[in-house]
Structure formats: structure tokens, C-alpha cells
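Encoded as C-alpha cells, the structure appears first; notes follow it.
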Amino acid sequence: MNLLAALLHTPVPLSAESLRTRVGGYPDAGASFHRAFERDKEDLRSMGIPISVGAVPASDPPLDGYRIDPKEYAGSDPKLDPDELAALHLATTLVRFGDVSGDQALVQVGGVVGDATSTAPVAALPADPNLNPLFDAVRNKASVAFVYNDVQRTIDPYKLAFQGGHWYLTGFDHLRGEQRDFRVDRIAGAVEPGGPATTTRPDGLTGDRAQSWELGDEEPVVATLLVDADQSGWAKHYLGRDAVAKAHDDGSAEFALTVRNREAFRSFVLTFLDHAELLGPPELRAELISWLEELAA
Amino acid sequence: MKRLNASERVARLLAIIPWVASQSGAHLEEIAERFDYPRKHLEADLLEVVGMVGVYPFTPDTQIEVVLDDDRVWIHYADWFARPLRLSSEQAMSLLAAGESVLELSGEESGPLLGGLTKLGAALGIDKGLEIRLGSAPEETLDLLRSAITDNRVMQITYYTYGRDESTTRAIEPARVFADGGEWYVSAHCRQANDERVFRIDRIAEATLLDEHFESRGNGDTASFSARDDDPRIQLALSSDAAWVIHQYPHEGVEETADGGYIVTLAITAVPWLERLLVRLGPAAQIVEAAPGIPVDLVRASASRVLARYQ
């Protein structure tokens with residue numbers, strides 16, 4: 001904590017050597033000091049403390065110096081009331097996010113208020129390393145770059161949404177020149193932060209995200225899927241009643257679905273095995289038949 | 001209260017210092033409770049850790065002063081820690097995501113949770129940039145299940161088992177409702193199987209609350225999927241396109257191959273489940289090794305059956 005105090009206290013970057021003499025408690029200069037110093041620095045960074053590196057003033061040759069900007073260290077205080085803190089405490093007990101400690105986050109915004117010990121969690125949201133840079137970009141209205149479907153893209157992120165067990169990013173895709181949805185766990189490699197976003201989020205950007213077969217770059221076609229009575233209840237719930245094109249007397253139903261990703265759609269149709277039939281368009285039906293013929297051969 | 005490791009304790013203390021400094025004589029009990037800090041270490045950590053913090057040249061005015069009197073504590077000269085450490089992106093997301101989830105579930109349009117989230121969103125500079133939908137389950141079924149759990153009432157359900165591709169009617173004693181991977185589940189004691197079972201709520205076709213009450217059996221802390229030792233195992237070679245299988249389903253080991261594909265071992269609780277998976281994957285999956293319980297001809301037979309609908 002003394003190192004932290006020294007880094008926050010100094011208006012200019014301090015070299016490792018001057019920190020050693022100012023902080024105290026460190027071994028004498030040498031390899032063991034450097035190990036101890038690096039470890040402490042890493043510990044502070046892993047707590048989310050922003051240590052910046054800059055040249056030590058008037059050093060020649062320039063020496064690396066360290067400091068923490070007090071403005072970057074502290075966040076802005078949300079000034080939460082006790083009942084608001086208690087409501088958030090209950091919420092973090094009910095819904096967990098990766099292995100993040102909800103309690104530590106709460107103490108940083110005012111405290112762990114109220115008793116939630118008798119509450120069993122109802123849901124766990126998966127964390128993904130790419131969520132952090134995407135969240136920061138949404139927050140700072142900055143662009144990001146990443147590879148998706150084998151194509152390098154620049155995106156202005158508008159919104160992160162969790163739905164159907166997956167995280168989705170909605171944003172403006174500069175490559176396609178329009179707004180698109182991306183599944184975060186299908187982003188290849190790391191998200192790279194970019195410059196300021198050049199488009200702004202449209203108003204009223206809410207609503208259900210796209211199904212897997214709508215996430216694609218193919219020419220859209222409307223497919224008709226007949227689902228048997230024993231599965232049609234679930235299908236109506238899953239696809240939404242608006243997707244029902246025709247309800248038959250025997251309980252089966254036809255669904256009209258817009259397809260932009262044929263592979264994903266074929267995969268969805270096959271989850272019904274022989275309880276559903278792809279009625280059209282002929283082209284998609286033919287593709288499905290030849291897929292099955294190959295497997296049946 | 002969980003045990004805190006050394007850096008977690010420092011992180012807590014960094015939040016405690018500004019709060020105590022802003023109060024005039026905070027009670028130790030209250031600090032321990034509000035910051036979920038082990039009470040038995042609190043006094044010592046305040047005096048021996050926080051009280052030793054200072055900057056060069058460590059004169060009294062460049063050191064934090066901690067005054068303890070009975071069960072109250074004062075902190076002075078802690079200007080470096082006048083404000084709590086800002087939330088990391090992950091922490092910010094965890095609070096917002098949990099809050100948004102619960103807000104969606106409760107359907108509340110006012111109240112402390114919405115108030116807290118609005119303030120938090122403003123402080124973090126994020127406005128409607130995070131949306132959480134835990135998945136939808138038919139509201140009527142969910143309501144019935146919740147009242148069955150509260151009142152310990154037995155329920156009769158008609159359930160479609162996706163893995164076995166069949167519907168059955170059974171009596172269950174519901175224990176807990178939870179969401180996982182975008183779906184809602186209920187863990188329950190199934191009277192037909194005389195064992196704990198997990199049911200996906202959207203696959204419950206009919207549900208009726210019976211008059212009979214049951215004895216509670218604990219919190220129903222069953223995972224949504226668990227393999228048994230005697231379930232047959234299968235080893236699949238997946239191409240790199242089929243990597244989603246590894247992320248989506250629980251597996252018992254995975255190896256990466258030289259060509260970017262994977263060799264994965266799965267426990268098969270029901271053969272139709274595997275059938276579906278293989279028919280969907282097609283050439284992207286090849287069986288490397290299968291336990292005797294798994295028909296060799298599975299994919300071909302299944303594809304032919306589906307194909308029959310198209311002829």
C-alpha cells in the first residue's frame with residue numbers, strides 16, 4: 001500500500017530506484033529488488049489500478065518512470081442510497097457474471113448492504129475476454145477492430161446483449177456499411193481498440209437479437225418450415241408467434257423464416273430430426289436433401 | 001463471509017479507508033458488515049496495515065493516522081485514498097448485468113433497483129449499452145412452478161425429453177428454478193425416476209398443480225447436466241468449423257490436432273441426442289471410437305429416416 005500511496009502522491013513519473021528509496025521495506029538494489037517491485041506492480045495492476053509509464057523528467061538517457069493519476073484511480077461516485085445498494089446486492093447474488101466477485105464491486109460503490117444469504121443464484125452469465133474491450137468501447141464511444149467470419153472488420157459498437165445463452169454485439173460494420181449483430185464468442189482472436197466511433201447509436205435500439213441463421217452475409221431468402229404437432233408448441237415459443245405462417249388443424253404449423261446464413265439454418269432444421277420438413281424455397285430444400293443423401297450413403 | 005486472500009484484503013481496505021474517513025467515528029461492527037470484512041482481523045489490519053501507510057519522508061503529516069477508541073475508528077490524512085478505486089470493466093459489467101437481469105425478470109418499472117442502475121449507468125458513462133435477456137420460458141408454467149416450490153405442492157407434467165425424443169407424463173416435486181445458457185430449468189425430485197432430475201421449462205407441454213404436498217428435500221442444487229459413470233463414451237474428431245461443440249456441450253477432455261481440429265470425448269446420456277449432433281455436423285465430425293452401446297450405423301440410419309420425409 002505504501003507503493004500505491006507513493007505512486008498516487010507523485011505528480012511526475014518516478015523511477016524504480018527512487019521508488020525503492022521512498023517506499024521502504026524493499027531489499028537493496030539488485031535482482032531481488034526488481035523481482036519484488038515487478039511483483040507488487042503486477043499485483044496492483046491485477047486489482048485494476050491504472051499505473052502509467054512515462055519518462056522520468058530530466059533523465060538522460062530517459063528512464064522509465066511510474067505514477068498513478070488520481071483522476072484515473074477513482075471512478076465517479078454513483079452516490080447510491082442504502083436501498084439501491086441492497087437491491088444491487090440481491091441482484092448480484094441472484095445473477096453471477098463469470099467469476100467476478102460481486103461483493104468487491106459493491107464495496108467500491110458504497111458497500112454490501114442488506115442480507116442475501118438465503119438467496120440461491122438463478123443464473124450465471126458467462127464471461128468472455130473480449131467483453132471487456134467491447135464494453136469499454138461502448139462506454140467510450142470508440143471503434144474496435146476484429147476478425148469475424150474470417151473477415152477483418154472495423155465496428156462502432158452500440159450495444160452488448162446477452163440472449164439465448166450467448167453474448168451479442170450490435171454495432172455499425174464499416175466494411176458492410178450497415179448495422180450488424182455479432183456473436184461475441186465467435187470473434188476470432190482478440191478485439192483491438194480503435195479510434196473514436198464515427199457513427200452514433202440510433203435511438204430505440206432494443207428488441208430481440210437475430211437468430212443464428214440471420215447472422216450472415218448471404219442474400220436473404222424466406223424459408224418455410226413445417227413443424228409437426230408434437231414439437232410445434234416449443235417451436236412457436238422459440239421462434240415467436242409472428243413467425244407462424246400457417247397453423248394446421250392437426251396441430252402442426254408452418255413457419256416463415258428469413259435466412260442469411262444457410263449453414264446455420266440447416267443445422268437448426270436438423271435439430272428437429274424427422275419432426276419437421278423444410279418446404280421451400282426449392283433451392284434450400286435441395287441443399288438439405290443432398291446433405292442428407294451424402295450422410296445416408 | 002468468504003475468506004479473503006492478501007490482495008483481496010488490500011482491495012477491501014482501499015474501499016474501507018475513504019468511507020471511514022468520511023464518517024466521524026465509524027463503528028467496527030458496521031465496517032465489518034458493510035464491507036464484508038472479517039471482523040477478527042479488522043482492528044489489526046486498520047492499525048498495522050492502514051496505519052503504517054504513508055509517503056516519503058514519513059513524517060506524521062505524510063502518514064495515514066488511524067485512531068481507535070473502543071469500538072469506533074477515525075482515519076485522517078488519507079488523501080491519496082479519498083475516493084474508492086474505480087470499477088474495472090468486468091466489475092462494472094457484473095453489477096450492471098446482474099441488475100439488468102433481475103430488472104427484466106421482475107418487470108419492475110420503478111424502485112430502488114432501477115434507481116441504482118440508472119445512477120450506476122450514469123457514473124460509468126454507459127446508457128442502455130447493455131441488455132440482458134436470461135431467456136424466456138412460458139410465463140404460466142414458470143408461475144405454476146414458483147407456487148409449487150413455495151407451497152411444496154406436487155406437480156404433474158407432460159415432458160418432452162429432447163435427448164430421447166419422447167414425451168412422458170410424470171409427477172415431480174420442484175425444488176429450484178434457474179436459467180442457464182439462455183434456457184430456464186427446474187430441478188426437481190422426479191417420482192417416476194425416484195431421483196433428482198432437471199427439466200427444461202419450455203419443454204414442459206402441460207403442467208398441473210396437484211393437491212398433494214411434499215416434504216422439502218433441500219435446495220435442489222443439481223447441475224443442468226451430469227453424466228453417469230456407466231453412460232457410454234464417444235470420441236469424435238471435429239474439424240475447426242465444429243469448435244462450437246466444445247463450447248456448447250460438457251465434455252470430458254479435448255485435444256487439439258495438428259490441422260486445427262479437435263478430438264473430443266463426450267458422455268452420451270441418450271443416443272438421439274448424439275444422432276442429432278452428428279446429422280447437423282455432417283462431414284465436420286468423424287467417430288474415432290465409440291462405446292459398444294452406440295450403434296455404428298447411427299448417422300446413416302438417422303439421415304435416411306429424415307430423408308424419408310422428403311421423398
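Coordinate-derived values only; no laboratory data. Worth saying up front: this structure is predicted, and the values here are computed from it rather than measured. Cβ coordinates were reconstructed from backbone atoms using ideal geometry, including for glycine residues, and neighbour counts include every protein chain displayed.
Remarks
- Rounded to 10°, Cα long-axis angle of helix B:271-281 versus longest principal axis of chain B: 80
- Rounded, prolate or oblate (a/c below 1.5 giving rounded, otherwise prolate when a/b exceeds b/c) for segment A:2-73 by Cα gyration tensor: oblate
- Its Cα centre serving as origin, chain A has a Cβ charge dipole (Lys and Arg +1, Asp and Glu -1) of approximately 1000 debye.
- Label point distance in nm, B:His251-A:Ala297, each placed 7 Å from Cα along Cα→Cβ: 2.7
- Only Lys, Arg (+1) and Asp, Glu (-1) charged, at Cβ; segment B:6-81 dipole about Cα centre in debye: 200
- Radius, Kirkwood style, for segment B:137-211 when every pair of distinct Cα atoms is counted (Å): 12.1
- Of the residues A:Val95, B:Val299, the one with the fewest other Cβ atoms within 10 Å heads the list, and the complete ranking is B:Val299, A:Val95.
- Convex hull of Cα atoms in the protein assembly as shown, direction-averaged projection (nm²): 33.9
- Think of chain B as a dipole: +1 on every Lys or Arg Cβ, -1 on every Asp or Glu Cβ, centred on the Cα centre; then among B:Thr257, B:Thr62, B:Ile294, B:Ile294 lies furthest on the positive end.
- Translational D in µm²/s for segment B:2-80 (Stokes-Einstein at 10 °C, 1.306 mPa s, Kirkwood Rh from C-alpha pairs): 125
- Per-selection Kirkwood Rh - segment B:31-149 (Cα, Å, 1 d.p.): 18.6
- Percent of alpha-carbon pairs separated by more than 23 Å within chain B: 73
- Normalised by the number of residues in segment A:190-274, the average gap of Cα pairs under 8 Å and 6 or more apart makes the relative contact order 35 percent.
- Radius of gyration and Dmax over the Cα atoms of segment A:33-123, both given in Å: 19.0, 62
- Distance between the pseudo-spin-label points of A:Asp128 and B:Asp297 (7 Å out from Cα toward the beta carbon): 4.2 nm.
- For a label point 7 Å along the Cα-to-beta-carbon line of A:Ala142, residues of segment A:28-66 with backbone N under 16 Å: A:49-53
- Sorted peptide list for A:139-147, A:34-42, criterion being average Cβ within 10 angstrom, highest first: A:139-147, A:34-42
- Degrees, to the nearest 10: A:31-46 long Cα axis against longest axis of chain A: 50
- Each 10 Å bin, from zero up to the one with the longest distance, holds this percent of the alpha carbon pairs of segment A:133-206: 21, 60, 19, 0.
- Relative to the 2.2 N^0.38 Å rule of thumb, segment B:66-117 has a C-alpha radius of gyration ratio of 1.80.
- Segment A:14-28 and segment B:239-288: distance between their alpha carbon centers, rounded to Å: 54
- Largest to smallest principal axis extent of the C-alpha atoms in segment B:233-308, angstrom: 37, 22, 20
- Chain A, relative contact order [Cα under 8 Å, separation at least 6], %: 10
- Charge dipole (the protein assembly as shown, unit charges on Cβ, about Cα centre) - positive-most of A:Asn149, A:Ser18, A:Phe97: A:Ser18
- Length added when fully stretched, A:Val12-A:Asp150, from 0.36 nm per residue minus Cα-Cα: 45.2 nm
- log₁₀ of I(q)/I(0) at q = 0.10, 0.15 Å⁻¹ - chain A, Debye sum with one point per alpha carbon: -0.81, -1.27
- For segment A:198-293: Kirkwood Rh in Å [reciprocal of mean 1/r, alpha carbons]: 14.4
- Per-residue ellipticity at 222 nm, computed for chain A from helices alone with -39500 (n - 2.57) per DSSP H run of at least four residues, works out to -10000 deg cm²/dmol.
- Under the combined filter of DSSP loop state and at most 13 neighbouring Cβ atoms within 10 Å, segment A:137-226 retains these GluC sites (Glu not before Pro): A:Glu218.
- Shape call, segment A:80-238: gyration tensor on alpha carbons, a/c limit 1.5: oblate
- Between the beta carbons of B:Ser304 and A:Leu279, assuming R0 = 25 Å, the FRET efficiency works out to 0.80 to the nearest 0.05.
- For the pair B:Glu109 and A:Glu178, a Förster radius of 30 Å applied to the C-beta separation gives a FRET efficiency near 0.35, rounded to the nearest 0.05.
- Length-normalised contact order of chain B in % [C-alpha pairs under 8 Å, at least 6 apart]: 10
- Dipole magnitude (debye, nearest 20) for the protein assembly as shown, charges at Cβ of Lys, Arg, Asp, Glu: 620
- Among the listed pairs A:Lys41/B:Lys128; A:Lys41/A:Lys71; A:Lys41/A:Lys79; A:Lys41/A:Lys141; A:Lys159/A:Lys246; A:Lys71/B:Lys40, those with a Cα-Cα distance over 28 Å are A:Lys41/B:Lys128; A:Lys41/A:Lys79; A:Lys41/A:Lys141; A:Lys159/A:Lys246; A:Lys71/B:Lys40.
- Cβ-based net charge around A:Glu72, under 12 Å, with every Lys or Arg adding one and every Asp or Glu removing one: +3
- By the count of neighbouring beta-carbon atoms within 10 Å, fewest first, B:Arg12, B:Arg305 end up ordered B:Arg305, B:Arg12.
- Order of A:Thr224, B:Thr141 under a 10 Å beta carbon neighbour criterion, fewest first: A:Thr224, B:Thr141
- FRET efficiency estimate (nearest 0.05) - Cβ-Cβ, B:Leu68 to A:Asp43, R0 35 angstrom: 0.80
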